[in-house]
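We did not get these values from a lab; they are worked out from the coordinates using the rules stated. Here the structure is a predicted model, which is why all the values come from computation and not from measurement. Cβ placement follows ideal geometry from the backbone for every residue including glycine, while neighbour counts extend to all protein chains displayed.
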Amino acid sequence: MAFDLKDIVPFGRSYREYVDMFALGESELAGHVLDCGGGPAAFNAELARRGGSVVSADPVYGFGREAIRARIDEVVPEMVAQLHRNRAKFRWDRSGSPEELVARRRAAMETFLADYAAGLEAGRYVEASLPELPFEPGRFDLALVSHLLFLYGDHLGRDFHIRALKELAGQAREVRVFPLADLNARRSPHLEPVRRALDRAGLASEAVKVSYESQKGVNRMLRIRAVEG
């Protein structure tokens, strides 16, 4: 089924947020990175500017820059309203207020928009979606999934998660997923069944605490690697 931009809520994160969410150091950033489902995040633009090798995959890249910008403008007021309604679930020591948080996210999305045309031409933004990706196996050193799997567990079922993570593990030597909670900051009920399925497929996983914590208590990512030997 084709995606409609009206179905997509763009809320891109910054490069710094990616570094903190996924505990990225120099060695990880020096490899070939796949950002899957990042939408209008600034990570690709900033890593490419720093000389890194990165490809982002998302169905939103099937739309033009102005259409994406219009959709961002459309959803921002609702983002602010939702943050106010759920204020108690978030930490505000870094962002200060819902308006400040959304302003930072807007800045990240503007970085993406400024880079979008050049990134499309360079092949850094690829229209694609899980659970099937158009890349050759083993192309990447690291695959990142930000705010998609587990977060939308009410919409994406357990089988989808298993298929998606197996696909990513075939594309990259290591996969990292953040967060491991749903939209209400509750630990995803899919997490442990998915981990058991990955283990049966020869994929080791561990939940790792990270320095990033926007929603209270949501500060772990899933790291997945093939079992050695």
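In this simple spin-label approximation, A107 and K89 carry label points 7 Å from Cα along the Cα→Cβ vector, and these lie 2.6 nm apart. Taking 0.36 nm per residue of separation and subtracting the Cα-Cα distance, full extension of the segment from R65 to R50 would add 3.1 nm. Springs between Cα atoms under 10 Å define the GNM used for the chain, and in it the highest mean-square fluctuation of S205, S27, S95 occurs at S27.
In the chain, Cα pairs under 8 Å separated by at least six residues give a relative contact order of 23 percent. In plain terms, the chain from A81 to R223 could stretch by 47.8 nm, reckoned as 0.36 nm per residue minus the Cα-Cα distance. Most simply put, the chain has about 45% antiparallel DSSP beta bridges, counting only bridges with both residues inside it. For the range 216-225, putting each phi into the Karplus relation 6.51 cos²θ - 1.76 cosθ + 1.60 with θ = phi - 60° gives couplings of 4, x, 9, 9, 10, 10, 9, 10, 10, 9 Hz, in residue order, rounded to whole numbers and with x for Gly and Pro. Legend: calculated FRET efficiency, L120 to R163, from the Cβ-Cβ distance at R0 = 35 Å, rounded to 0.05, equals 0.80. Taken about its Cα centre, the range 8-226 carries a charge dipole of roughly 720 debye when the Cβ of each Lys and Arg holds +1 and the Cβ of each Asp and Glu holds -1.
Think of it as helices only: each DSSP H run of n ≥ 4 in the chain is worth -39500 (n - 2.57), and spread over all residues that comes to -12000 deg cm²/dmol at 222 nm.
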